[in-house]
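Rule-based calculations on the coordinates, nothing more; no lab input. All values reported here derive from a predicted model rather than from experimental measurement.
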Amino acid sequence: MDPPHEEKLKFEEKDENLPDTIQGKPVRSKEEARVGVSLGIVGFNFKYQVWIFGGNIFPGGQIIDYLVYTVPLPTPLYLQSAYWHGPEMVKRQDDLMKQAKVRQRMSRTWADPKELWDHELQSIAQTVSAIRREFGRP
C-alpha cells in the first residue's frame, strides 16, 4: 500500500481559486476539488484517483475518486452526481456493483466504501460538513 500523501491543498473562498490538479492529476470537477481541499481541512491524508482492478483500461476495473487514510483501514470515497448516478439511472446499479466488488475483494485491506453526492458539495463549508458527517470527525 502506498504511504499517505501529505499534500495539503490551499483554497480561497471563491471557487475560481480551487486547485486545477491534485497530486499531479487534473481535477475533473469543482466537487472533486472541494473534497480534496476539505479532506485537508478536516485533517485526512488521501490518495486521489486510485486505479484498482485495472482502472478504466480493463473490464471490471475502476477508478476510485479518493482513498482516504482512515484508521484502522483506508476508506474508498466515491463522489456521485444525481445526473449520472441517481436512482433512476442504469449507471447507479453499476456503481453499487463496483462498490460491492470493492467490499468483497478488499475487505481485509480497506474499510467499506463511502459516497458523497454533488448536492452535498456545493461549497467548501458544506463539503467539510459532509466529510465530518461521513467520517465522524468533529
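Net length available on complete extension from E134 to L73 is 20.5 nm, with 0.36 nm assigned per residue and the Cα-Cα distance removed.
Residues whose amide H lies under 5 Å from that of L121, counting only those 5 or more places away or on a different chain, are absent; hydrogens are built 1.01 Å from N in the peptide plane.
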